[in-house]
Amino acid sequence: MSKRDMESEFSNAFPESCAMKGGEGPHSYAQNSTFQRSAIEAAKKLLQSAVTDHFDLKTTCGSPENQIRIADFGCSTGPNTFIAAQNIIEAVQLKYQSQSQNQSTPEFLVFFNDQASNDFNTLFQKLPPNRNYFAAGVPGSFYGRLFPSQSLHLVHSSSSLSWLSKMPKELTDRNCGAWNKGRIFYTNAPKEVEDAYKGQFKMDLATFLQARAQELVGNGIMILLIPAAHDVIDFSVDLYGGKDYEVLGSCLMDMAKLGLISEEKVDTFNVPTYFPRLKDLKKMLESNEDLSVEKMDLLDGNNLIIEPNLGRHVSQCRAAFEVLIEKHFGDGIVDELFDRFAQKLMKSPQLMMYPQKLKLVMLFVVLKRKV
C-alpha cells in the first residue's frame with residue numbers, strides 16, 4: 001500500500017459523531033443503559049449458538065500466538081460491554097473445550113472501541129478485576145478501518161449501528177425538500193427527510209461492513225445486534241424514541257421563542273439515529289460480497305426493558321444526547337432543556353415509551369468473512 005493510499009484509507013476514520021455521557025453520575029450512560037443491557041442478555045443463548053455453529057476453531061488452533069482477538073465496537077463506558085465480552089469468551093471456551101481437548105486453551109485479547117471522545121477512563125476503571133482476558137482500548141469511529149488486515153477473529157456490536165456517522169446535508173438546506181425545519185427527527189416529517197436518513201444509514205452500514213470484512217481473518221465471524229422497525233410501521237405515527245424526539249424538539253422551539261437559543265440553531269439540529277425497516281436492513285446486510293449471512297434472528301421488542309419511571313426515562317434520554325446537544329448549542333442549556341422535557345412528559349405521560357408501545361425489534365445477525 002502506497003503512502004497516499006494509506007492516508008486515504010485513514011482519512012475517513014473519524015467522521016462527525018459524539019460519545020455517550022461519561023462518568024458515573026445520575027445522567028451518565030453507565031447508569032442509564034438498561035435497555036441496551038437487556039438486549040445483550042436476551043441475545044445470550046443466540047450468541048452461544050452462533051459461536052457453536054459458526055466460529056471456526058481452525059482460525060486459531062495451531063497458530064504460533066495461540067490467541068483469540070475479539071473487538072466490541074461502540075463499547076461506551078460499560079458495564080454492558082463487559083457482559084458481552086464475557087458471554088463471547090464463555091461461548092468460545094465451551095466450544096474449544098469440547099472440540100480441541102488436546103490443545104492448550106488460547107489466550108483472549110478484547111479490544112474495546114468507541115469514539116475518541118468516549119470516557120475510556122470510566123470504562124477501564126470498571127474493568128472486571130477477575131476477568132479472563134487482556135484488554136485494550138481502540139479510539140475512533142467504527143465507520144472506517146481501525147485494525148490491521150485479518151487481525152480479528154470475532155467482532156461484536158450491540159445497539160450501536162443505529163447511530164449515523166453524520167447528518168445528511170440536505171436536512172439543513174432551505175432549498176431542498178428534505179429541509180427539516182422545526183423538527184429534530186424524521187417522524188412526522190416529509191418523506192424526503194426519512195429518505196435522507198435512510199440513505200445515510202445505508203452508506204454507513206456498508207462502510208462498517210467493508211471495514212470489518214478487511215479486519216476479520218478468513219472465516220472470522222461478526223455478531224451484530226441492530227435495532228430495526230417493523231416493516232409495517234408508520235413513521236409518522238410512532239417509533240421507538242420518535243415521540244421523545246418530537247417532545248425534545250418542541251422544548252427547543254419553546255426556548256428559541258423565548259430567545260434562549262436561536263431558531264436557526266434548532267433548524268440545523270437533527271438527532272443522528274435511524275431505525276431501518278426490517279426488510280431494508282436484511283437487504284443491506286446481504287449485499288456485502290465479502291461477508292456471508294450465516295444467521296438472522298429476532299429479539300422481540302416486548303422482551304426488552306423500558307422503565308416507565310419518569311425520572312429514569314428523562315435520564316436515559318439525557319445520557320444519550322447531552323454531549324450532542326452541548327456540542328451544537330453550547331454549554332448552559334441542558335439543565336433547562338431537560339427540565340422542560342420532564343414537565344411536558346409529566347403533563348402527557350402517554351407520550352412516554354412503554355413496552356406495549358415499543359414498535360421495535362432487535363435483529364440478531366451472524367456474518368462470516370469469506371476466505
List, please: which pairs have Cβ atoms under 9 Å, are six or more places apart or on different chains, and start with a residue in segment 115-135 that is closer than 15 Å to Gly74 by Cα and end with one that is surrounded by 14 or more Cβ atoms within 10 Å (Cβ to Cβ) and of a type in the set (Asp, Glu)? Phe120/Asp114; Thr122/Glu24; Leu123/Asp114
Which condition does Thr187 not pass, out of (1) among the hydroxyl-bearing types (Ser, Thr, Tyr); (2) assigned to a loop (DSSP other than H, G, I, E, B); (3) under 27 Å from Leu109 (Cβ atoms), if it passes all the others? (3)
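For every residue, the table says whether it meets (1) under 17 Å from the mean Cα position of the chain (by Cα); (2) modelled with pLDDT under 90; (3) under 30 Å from Asn219 (Cβ atoms); (4) not in a loop (DSSP other than H, G, I, E, B).
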{"position": "Glu9", "(1), (2), (3), (4)": "no, yes, yes, yes"}
{"position": "Ala13", "(1), (2), (3), (4)": "yes, yes, yes, no"}
{"position": "Ser17", "(1), (2), (3), (4)": "yes, yes, no, no"}
{"position": "Met20", "(1), (2), (3), (4)": "yes, yes, no, no"}
{"position": "His27", "(1), (2), (3), (4)": "no, yes, no, no"}
{"position": "Asn32", "(1), (2), (3), (4)": "yes, yes, no, no"}
{"position": "Glu41", "(1), (2), (3), (4)": "yes, no, yes, yes"}
{"position": "Ser49", "(1), (2), (3), (4)": "no, no, yes, yes"}
{"position": "Asp53", "(1), (2), (3), (4)": "no, no, yes, yes"}
Taking into account only those residues within segment 264-293 that are buried (at least 18 other Cβ atoms within 10 Å of the Cβ) and of a type in the set (S, T, N, Q), which is farthest from Ala189 (Cα to Cα)? Asn288
Which of the residues that make up segment 35-65 are of a type in the set (Ser, Thr, Tyr) and surrounded by fewer than 16 Cβ atoms within 10 Å (Cβ to Cβ)? Ser49, Thr52, Ser63
Residue that is surrounded by the most Cβ atoms within 10 Å (Cβ to Cβ), among those in segment 71-97 that are outside any helix (DSSP H, G or I) and touching a helix residue (DSSP H, G or I) at 6+ places or on another chain (Cβ under 6 Å): Thr77
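Residues are listed down the side, and each one gets a yes or a no for (1) of a type in the set (Phe, Trp, Tyr); (2) modelled with pLDDT of 95 or more:
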| position | (1), (2) |
| --- | --- |
| Asn113 | no, yes |
| Ser117 | no, no |
| Leu123 | no, yes |
| Leu127 | no, yes |
| Val138 | no, yes |
| Phe147 | yes, yes |
| Leu152 | no, yes |
Within segment 129-188, restricting to residues that are more than 12 Å from Ala71 (Cα to Cα) and aliphatic (A, V, I, L, M), the one that is surrounded by the most Cβ atoms within 10 Å (Cβ to Cβ) is Leu161
So Ile68 clears everything in (1) at pLDDT 90 or above; (2) surrounded by fewer than 14 Cβ atoms within 10 Å (Cβ to Cβ); (3) among the aliphatic types (A, V, I, L, M) except one condition, right? Which one? (2)
Six or more apart or on different chains, Cβ atoms under 8 Å: show the pairs whose first residue is in segment 141-153 and touching a residue at least 24 places away in the same chain (Cβ under 8 Å) and whose second is assigned to a strand (DSSP E or B) and basic (Lys, Arg). Ser151/Arg69; Leu152/Arg69; His153/Arg69
Hey, could you check segment 316-349 for residues that are within 21 Å of Ile40 (Cβ to Cβ) and either touching a strand residue (DSSP E or B) at 6+ places or on another chain (Cβ under 9 Å) or at pLDDT 90 or above (or both) and say which is surrounded by the most Cβ atoms within 10 Å (Cβ to Cβ)? Ala319
Could you list, in sequence order, the residues of segment 247-303 that are more than 22 Å from Ala342 (Cα to Cα) and among the aliphatic types (A, V, I, L, M)? Leu278, Leu281, Met284, Leu285, Leu291, Val293, Met296, Leu298, Leu299
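The values are calculated or read from the model by the stated rules, or taken from the named source; none is laboratory data. Nothing here was measured: the structure is a model prediction, and the numbers come from that model. Glycine also receives a Cβ, built like all others from the backbone with ideal geometry; neighbour counts cover every protein chain displayed.
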